[in-house]
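S.K.: One structure coming up, written as structure tokens, with questions to follow.
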């Protein structure tokens, strides 16, 4: 039951984000959506992912976005509003994608898939949390992607800092 | 008879060499004047006159050596042409000196000299002064060439050269359109006659295989009259040729030669060019169109006298008589001083030709000689009068439209120009044929000859032949009348222009320039009969007549019309009393003509004379020269022009039109093809080009540079993939 | 706790995905487009986590979603830096006016 409340909240706030013309409202609508998704993660036995979602998205990306809005708009005048374009096009394509995806999902007959039936759905197992499992996995099986991710973050940090610098003042 | 031996080269003699020198002197003068005339002192007139004087002196010397003493003939092979059978035909050229030649030589050089002398005064200050003397030199050269050469081919060449120099001199005043038109007319009309002459030459050459006059005469002497025509044999290159000619053909050949004479000597029906030729300078009219060149036709008849058949001579006589009558009638009503003389010249030339046709060969040549002197005198006098009139008009500033040559504007000139008057009177008396004057002798001779001819011809009972001598008598009367009228208009009565007649004189004490007076006086004096015959009442004792009679010229039996001429001569011998009657009659007619003219015009007031116009139909007919010019214009000139215009139109309308039309169709076709090209071919190319452009435009529309659009497209593709998966 | 049907989770992720797509396509402001992209990432992550339930021993789905988040964070940082740069350059962040590729 809780899932459907989160799902509804996520979809409604997402729709609001799309439909509103105010950038700040859109940002806060996105915040609600991200929080709802984090809740859904918890319901799906992915507590570490949910926490990470909160920390990265809500704490990082959203703050970045809000900063971006403030830096790229003159908040007090009209340009903080974002006009929509390609409304017909966008709506039609979006609707077609939604229909296509939904159609696929509903006709995929997922419950008949063998590996889903044979899967062990006991995610938590003996532990209370997935943190330990994930920590072991990252340091063993996924150590290379983990290191690469750190490298990627470093590069992104440097690149972003470099790009964002106003070169006329340097 | 062996033909090559007839035309074998003959060695030159001092006389023929001298003649050649005389011939070439004027050519030298022409070349010098044409090349350096403008740069010589006095613009070279002394050169022309000096050469003329030298030629005249040499001619006199030659005359003394040749006249009645010997005949000189030099001949050389001029050029050779390959002919049938691989043989070579020689064309000869040479100089023939006999009585006729030297007589003409003296006449031509003498009158040429006098005319050049006269021109010094007359042409004084003219722009083309040296050109004028050059042309006169060219003319003298050509005329002497006609006289001297011994064969018909060369004669024809000089004949044409004479026509050309005449053309140059008639059109001497290039700035006058009338002069240019007259020169063209003279040239073209002369060409008509020359065609006949050329055809005659070809006919004679075809049968006799030579152009040489002496050889031709000798060949004809060997021929015989047969039932079919004229037959003779000669040997060429060892082959004997028997030539038989139908009489008709010989007649036509002779008439062809006569055609040349008709053109050059202004005989009917080609006499129309001569009155117009008066557009040239007056001394030129005296030299060329009165004394010498127009006499060339008569000279040609005399040279070729042996080649005319009986019928040809009859035609010649009739043409001559008609010309004499027409010319005399036309002269009756002319007002232009030179026109009267021009028609008089035509009339007198008709007289000469008539004399030729009637067998009075020697009388005709005699008349040629006397006519040359008195007509030259008349023309030069007319020149003096015109000159004086111009001077008077110029000094008193008369309007430009007053015609200096119109005798209606003259009158009473006797008092201010006495010398001119008396010389004019002498020459006019000779022209009229009053006793004691040269014209009387020659006219009397022609009349006697024609009378005897009519008697001989009408022996068969046909009295129509008497018309010819009767016309001769009528012309004497008419001549006297128009000369009387002419004299009365110019010299008697009162001066009819509104200024003092004394303005015409050079100065109070001088009538004309001396250089102009001298030739006139000389020629006037030479109009007296005593210079031509010791007995001024009988032509038979004339030294000229005796010198140029047929006996002097021809060998026995060398004439085609031998029989007739013998009959005429016999008849003439028998006409002792008739001679006297004819002489008296012609004198009486002359006096009567003058009397009639004086009677007609004596009572007229000066004003009436000033305003006189042709009144009656006859007078108009006469004044307009029987409308011959208009007739020719209508019959020959206009149809020709019409034809050429028609052909031009045909060209323009039909040929050019169809070409145009064809080209239009081509253009249409081309446009059609062009359209095809444009629509189909170019269209295909255009389509090839435009389709990519269309697609490109669509593609460019898609490629609008907006990231969101690209994203939308890719998603659209994604949808299509989903659809594909779902459907299949 | 009752079992959440897999289809429902997938439908939710499809809906979020569609909303993200719509934001990306129709919004004129670059930052809102970035938000749409984040939404799409979240939809993808939701799928990963949902399927990760059937892989209890390895938990590859959850791990992968973690990497996605890291990459998304890096992407967001760089993208926002670019947006700022674009804004400095063009004096606008309006994607409709930034069509330099078409020139």
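Since every read-out is calculated from the coordinates, none of them should be taken as a lab result. The model shown is predicted, which means the values in this text are computed figures rather than measured ones. Here Cβ is always computed from backbone atoms with ideal geometry, including for glycine, and neighbour counts include all displayed protein chains.
S.K.: Taking the Cα atoms only, what angle lies between the long axis of helix B:438-457 and the longest principal axis of chain B, rounded to 10 degrees?
M.R.: Between helix and principal axis, roughly 90 degrees.
S.K.: At q = 0.13 Å⁻¹, work out log10 I(q)/I(0) for the stretch B:351-443 with the Debye formula, treating every Cα as an identical point scatterer and leaving solvent out; two decimals please.
M.R.: Log-scaled intensity ratios, in q order: -0.56.
S.K.: Kindly identify the stretch B:481-532 as rounded, prolate or oblate by the Cα gyration tensor criterion: order the square roots of the eigenvalues as a ≥ b ≥ c, call it rounded if a/c is under 1.5, otherwise compare a/b with b/c, prolate if a/b is larger, else oblate. Show your work: numbers first, answer last.
M.R.: On the way: a/c = 4.01, a/b = 1.28, b/c = 3.12.
Taking the square roots of the gyration eigenvalues as a ≥ b ≥ c, the stretch B:481-532 is oblate.
S.K.: Continuing with the same structure: Could you give log10 I(q)/I(0) at q = 0.18 Å⁻¹ for the stretch C:28-90, computed by the Debye formula over C-alpha point scatterers of equal weight, without solvent?
M.R.: Those come out to -0.67, one per q.
S.K.: Right, here's the next one. At 0.36 nm per residue, minus the direct Cα-Cα distance, what do residue B:69 and residue B:596 gain on full extension? Give it in nm, one decimal, please. Can you show the working numbers first?
M.R.: Working: separation 527, 0.36 × 527 = 189.72 nm, distance 4.69 nm.
Length difference between fully extended and current span is 185.0 nm.
S.K.: Could you estimate the translational diffusion coefficient of the protein assembly as shown from the Stokes-Einstein equation, with Rh from the Kirkwood formula over C-alpha pairs, at 20 °C and 1.002 mPa s, in whole µm²/s? Could you put the intermediate results ahead of the total?
M.R.: Values: Rh = 38.9 Å.
After rounding, the answer is 55 µm²/s.
S.K.: Give the order of B:390, B:73 when sorted by the count of other beta carbons within 10 angstrom, beginning with the fewest.
M.R.: Values: B:390 13, B:73 19.
Lowest count first: B:390, B:73.
S.K.: Here is a follow-up. Restricting to DSSP H runs of at least four residues, report the calculated mean residue ellipticity at 222 nm for the protein assembly as shown, -39500 (n - 2.57) per run over all residues, nearest 500 deg cm²/dmol.
M.R.: Details: 42 runs with 670 residues, N = 1001.
The helix contribution divided over the protein assembly as shown gives -22000 deg cm²/dmol.
S.K.: With a bin width of 10 angstrom, please list the P(r) values of the stretch B:450-594 as percents of all Cα-Cα pairs, from the 0 bin to the one holding the largest distance.
M.R.: 9, 22, 30, 19, 11, 7, 1
S.K.: Using a basic spin-label model with each label point 7 Å from the Cα along Cα→Cβ, how many nm lie between residue A:109 and residue A:42?
M.R.: That separation, rounded to one decimal, is 3.8 nm.
S.K.: Using a simple spin-label model with points 7 Å from Cα along the Cα→Cβ vector, what separation in nm is obtained for residue B:525 and residue B:192?
M.R.: 4.3 nm
S.K.: So how do C:29, B:387 line up by other beta-carbon neighbours within 10 Å, fewest first? Write out the running numbers ahead of the final one.
M.R.: Values: C:29 27, B:387 22.
So the ranking, lowest neighbour count to highest, is B:387, C:29.
S.K.: Indicate, rounded to the nearest 5 percent, the antiparallel portion of the DSSP beta bridges found entirely in the protein assembly as shown.
M.R.: Around 95 percent of the beta bridges assigned by DSSP in the protein assembly as shown are antiparallel ones.
S.K.: Where both partners of a DSSP beta bridge lie in chain B, what percent of those bridges are antiparallel, to the nearest 5? Please report the intermediate quantities before stating the final value.
M.R.: On the way: 27 of 28 bridges.
Once the DSSP bridges in chain B are tallied, antiparallel ones form about 95 percent.
S.K.: May I pose another question? Calculate how steeply helix A:62-72 sits against the longest principal axis of the alpha-carbon atoms of chain A, using the helix alpha-carbon long axis, and give the answer as 0 to 90 degrees to the nearest 10.
M.R.: Value to nearest ten degrees: 20.
S.K.: Starting from the Cα coordinates of the stretch B:40-135, work out the convex hull volume and express it per residue in Å³.
M.R.: Working: hull volume 13.9 nm³, N = 96.
Taking only Cα atoms, the stretch B:40-135 has a hull volume of 145 Å³ per residue.
S.K.: Over the Cα atoms of the stretch B:1-65, compute the convex hull volume and normalise it per residue, giving Å³. Before the final figure, lay out each step's value.
M.R.: Details: hull volume 6.7 nm³, N = 65.
Dividing the Cα hull volume of the stretch B:1-65 by its residue count gives 103 Å³.
S.K.: Sticking with this structure for a sec: Give me the number: length gained by fully extending residue B:668 to residue B:13, i.e. 0.36 nm times residue separation minus the C-alpha to C-alpha distance, one decimal in nm. Provide the component values of the computation, followed by the final result.
M.R.: Working: separation 655, 0.36 × 655 = 235.80 nm, distance 8.08 nm.
That works out to 227.7 nm of additional length.
S.K.: Another question about this same structure. Would you mind computing, in nm to one decimal, how far apart the modelled labels at residue A:119 and residue B:184 are, each placed 7 Å from Cα along Cα→Cβ?
M.R.: Between residue A:119 and residue B:184, the simple spin-label model gives 12.2 nm.
S.K.: Additional query: How big is chain A by the Kirkwood estimate over distinct Cα pairs, in Å? Intermediate values should be presented prior to the final figure.
M.R.: On the way: mean 1/r = 0.0501 Å⁻¹.
With all distinct Cα pairs of chain A included, I get 19.9 Å.
S.K.: Please list, by residue number, everything in the stretch B:128-168 whose backbone N is under 12 Å from a paramagnetic label point 7 Å out along Cα→Cβ of residue B:205.
M.R.: Within reach of a label on residue B:205: B:152-157.
S.K.: Please report, for the Cα atoms of the stretch B:256-415, the Rg to one decimal and the Dmax as a whole number; what are they, in angstrom?
M.R.: For the stretch B:256-415, the Cα radius of gyration and maximum Cα-Cα distance read 17.1, 60 Å.
S.K.: Does anyone have the angle between helix C:30-52 and the longest principal axis of chain C? Alpha-carbon axes, 0 to 90°, nearest 10?
M.R.: Between helix and principal axis, roughly 10 degrees.
S.K.: Sticking with this one: Once fully extended, how much extra length lies between residue B:707 and residue B:462, figured as 0.36 nm per residue of separation less the alpha-carbon to alpha-carbon distance? Numbers along the way, then the final one.
M.R.: Numbers: separation 245, 0.36 × 245 = 88.20 nm, distance 13.29 nm.
Between residue B:707 and residue B:462, full extension yields 74.9 nm more.
S.K.: Write down the Kirkwood hydrodynamic radius of the stretch B:629-690, to one decimal in angstroms, obtained as one divided by the mean of 1/r over all alpha carbon pairs.
M.R.: Numbers: mean 1/r = 0.0652 Å⁻¹.
After inverting the mean inverse Cα-Cα distance, the result is 15.3 Å.
S.K.: Based only on other Cβ atoms within 10 Å, what is the fewest-to-most ordering of A:157, A:64, B:54? Mind dumping the intermediate values first?
M.R.: On the way: A:157 14, A:64 20, B:54 17.
Arranged by neighbour count, lowest to highest, A:157, A:64, B:54 become A:157, B:54, A:64.
S.K.: Also, quick follow-up: Which percent of Cα-Cα pairs in chain B sits in each 20 Å bin, short to long?
M.R.: Per 20 Å bin, starting at 0, the Cα pair percentages come out as 16, 44, 22, 6, 4, 5, 3, 0.
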